[in-house]
Each structure stands twice: as structure tokens, then as C-alpha cells.
Amino acid sequence: MSLPRLCIVATGGTIAGAGARPQSTMAYAAGALDVAELCARVPGLDEVAAIQAEQFAAIDSKNATPAFWQSLAARVQALLDGGADGVVVTHGTDTLEETAYYLHLALKTDRPVVLVGAMRPATALSPDGPLNLLDAVTVAAAPQAAGRGVLVALNHQILCARDAAKTNANRPDAFAAPNAGALGWVQDGRVAWMGRPERPHTRATPFTAATPLPQVEVLAGYAGGSAALIRAVAATGARGLVWAGTGNGSASADAQEALDELRQGGVAVVRATRTGSGCVAASGGLPGAGTLSPWKARVLLMLALGAGTDDIQAAFDTY
Ligand SMILES: NC(=O)CC[C@H](N)C(=O)O
């Protein structure tokens with residue numbers, strides 16, 4: 001049986017990071033190793049798939065932008081349209097969840113696309129990157145991965161791009177899907193599936209890599225927060241604001257007044273929660289982000305506004 005033809009698209013991050021000392025897990029340069037070096041550190045990779053590897057970028061993902069998402073999506077789409085059986089994207093973990101959800105909504109494919117990163121740089125003792133990369137390739141090579149949208153594979157877990165979140169600043173078990181749990185596991189080279197994404201994705205959305213991404217900001221609620229910051233959003237030219245509210249997306253009386261002013265001025269305001277999990281409904285005339293984190297809600301609001309969607313709540317109820 002011939003091996004699946006997979007592309008590894010490297011973008012940088014800690015998985016390609018290099019530090020001065022073996023115990024350096026915070027002080028290092030992200031994106032220092034190129035994709036050939038990354039692959040060379042993973043024994044057995046070529047037994048799982050026929051790999052074509054390319055260096056798309058070498059960034060720290062804190063510097064990712066919506067323009068980066070769009071160009072990455074266009075490249076991944078071209079590789080899939082060109083006949084790749086699947087794509088693995090290596091990515092910094094800081095904003096991996098945003099890129100993953102964007103690709104989940106914008107790519108038009110049934111083939112597996114798997115994002116992977118690491119919490120320890122390649123030069124650290126016990127780096128997590130090599131096994132994470134082998135596992136991600138194993139997931140992308142699995143026939144049952146098809147049709148599940150964009151997946152995130154780290155630390156043995158396979159998460160849906162919609163639900164994956166970085167929930168720890170340091171530890172190798174940083175990723176979780178707080179509202180949904182894992183779609184599967186990869187262990188000892190075997191993939192065990194436990195679920196499929198419930199919400200429409202990839203081919204079943206109207207969004208593509210060409211959908212414009214208007215500016216959307218995120219502001220958080222906290223005790224004594226200044227409503228002046230909310231009012232200042234209007235002058236930035238933003239078309240939307242995600243309110244990362246306390247608890248169930250709540251806003252202080254001052255903040256609510258400023259959010260209402262923004263909305264009346266034509267800025268699309270969506271309520272989400274700063275808690276990290278839970279479901280936020282519409283309230284006080286503002287749509288609710290449901291189970292999306294503020295950062296994921298921002299991605300969807302950008303795409304919805306860019307696609308000219310009138311009913312923002314319907315978009316949040318759908319995707
Ligand atoms: N663990 C990581 O990948 C974080 C490193 C870096 N800040 C990045 O996101 O690219």
C-alpha cells in the first residue's frame with residue numbers, strides 16, 4: 001500500500017525554537033530551526049507518510065496577523081488542490097488556536113489539516129516537539145481524519161480547531177478543549193477517535209481565504225474598568241468588538257452604556273466570557289458568542305462581517 005502524500009508547512013514557533021541552555025524553556029528564539037532540521041529530528045516520519053516539507057514562514061506566532069492567516073490558507077488550499085492527501089502546519093502555540101479556527105472556517109477541503117506546536121524548544125531537554133510532529137503526521141495520515149475539519153494535535157490529544165485553547169503558559173499539556181473535550185487520541189502511533197465536530201466547517205461555510213477580514217478588537221471586563229477604552233474603539237476604525245465580559249459576558253453599568261453607544265454607532269458588538277469556558281447568550285441587545293472564546297469569536301466576527309452577514313447571532317449559532 002502506498003503511503004499518503006502529506007505536506008508539512010512550517011511557520012515557526014517554539015517547535016522550531018532554539019535556546020542557549022538545555023533547561024531554557026522560556027528564554028529562546030522561536031522559529032530558529034528550518035523545516036528540514038525539524039523533520040530530521042523525528043525518526044520514523046517517512047514510514048508514516050511520503051512527506052513534502054516547505055518553510056512558509058519563521059515567525060513567533062504572537063506576531064501572526066489576519067493577513068498571515070489569509071496567505072497561509074491560500075497556500076494550504078493550493079497544496080490540497082494540487083493533490084496533497086493532507087497538510088500538517090507547524091505553528092507557535094501562542095495564537096495557534098486562532099489560526100486553526102480561521103483555517104477550519106476558510107479552507108475548502110475534506111482532507112485532513114492538522115496544526116501542531118510544542119511548549120519546549122527543540123534544544124531543551126525532553127522537547128515535546130518531535131513526538132508532537134510525528135503524532136500530527138500520524139493523525140493527518142489516518143483515513144478517518146478526513147471530513148473532521150482542521151485538527152489540533154499536541155500532547156497525545158486531537159482537538160477540534162473550534163474548541164482548542166491554550167490553557168497554560170508553560171506546561172507541555174497546555175492545550176485543551178474546555179467546552180468539548182478531545183475528538184481523539186494518538187498514542188504509540190495509533191489514532192483512536194471519539195468524536196466529530198458538530199458545527200459546520202471547511203466546505204460547509206461561505207467563507208474562503210479571499211473573504212475580507214475587517215478590523216475587530218477585543219476588550220475585557222474587570223472591576224473598575226474604564227468605559228473610555230470602549231468608547232475609544234470607535235476612533236480606531238474597527239467594524240467590530242468582542243466584549244470578553246465577566247462571568248456570563250456581563251458588563252458594568254458604565255461599560256454597558258459605552259457598548260450600547262458603540263453598537264448605535266455601527267460597530268458590531270458581541271458578548272463573550274473571560275472565564276475560559278461556558279456559553280454566552282445574547283443579552284441587552286448584544287449577540288452572544290455561545291461557546292466560542294473571545295479570540296475565536298473575533299475570528300468568526302471578522303469573517304461574518306467580511307462576508308456581509310446581516311444576522312450576526314445566526315452566524316454564532318451556526319459555526
Ligand atoms: N510555545 C510556543 O510555541 C510559544 C512560542 C512563541 N511565542 C510562539 O507562539 O510562536
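Taken together, the values in this text are just the output of simple stated rules run on the coordinates, not laboratory data. As the structure is a prediction and not an experimental result, all values here were calculated from the model. Cβ: placed from backbone, ideal geometry, glycine included. Neighbour counts: every protein chain shown.
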- Over every pair of different alpha-carbon atoms in the chain, take the mean of 1/r and invert it; report that Kirkwood radius in Å. 19.9 Å
- So how far apart, in nm, are the two label points at CYS279 and ARG190 if each is 7 Å from Cα heading toward Cβ? 3.5 nm
- Message: Could you give the length gained by full extension between ASP254 and ASP81, i.e. 0.36 nm per residue of separation minus their alpha carbon distance, to one decimal place?
- Response: 57.2 nm
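Would you tally the net charge around ALA74, using a Cβ to Cβ cut-off of less than 15 Å, leaving ALA74 out, and scoring K and R as +1, D and E as -1?
The answer is 0.
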- Simple Cβ-charge dipole of region 5-204, Lys/Arg +1 and Asp/Glu -1, about Cα centre, in debye nearest 20: 320 debye
- Pairwise Cα inverse-distance average, inverted: Kirkwood Rh of region 16-146 (Å): 15.2 Å
- Message: Given the DSSP H assignment, sum -39500 (n - 2.57) over each helix run of at least 4 residues in the chain and divide by its residue total; what's the result at 222 nm in deg cm²/dmol, nearest 500?
- Response: -8000 deg cm²/dmol
- Item | Set of aspartates and glutamates with alpha-carbon distance to LYS108 below 20 Å, sequence-local pairs under 8 removed | ASP81, ASP85, GLU97, GLU98, ASP163, GLU198
- Charge-dipole axis of region 5-204 as Lys and Arg at +1 and Asp and Glu at -1 on Cβ define it, positive-most pick from VAL116, ILE51, GLY184: GLY184
- Note on the structure: With the 8 Å Cα cutoff and a minimum separation of six or more residues, the chain has a relative contact order in percent of 14 percent
- Message: Counting C-alpha atoms alone, how compact is region 216-318: give Rg to one decimal and Dmax as a whole number, in angstrom.
- Response: 12.1, 36
- Query: Which value does Rg/Rh take for region 153-201 over its C-alpha atoms, Rh per Kirkwood?
  - Reply: 0.98
- Output for region 146-239 (equivalent-ellipsoid semi-axes, sqrt of 5λ from the C-alpha gyration tensor, Å, descending) is 34, 21, 10
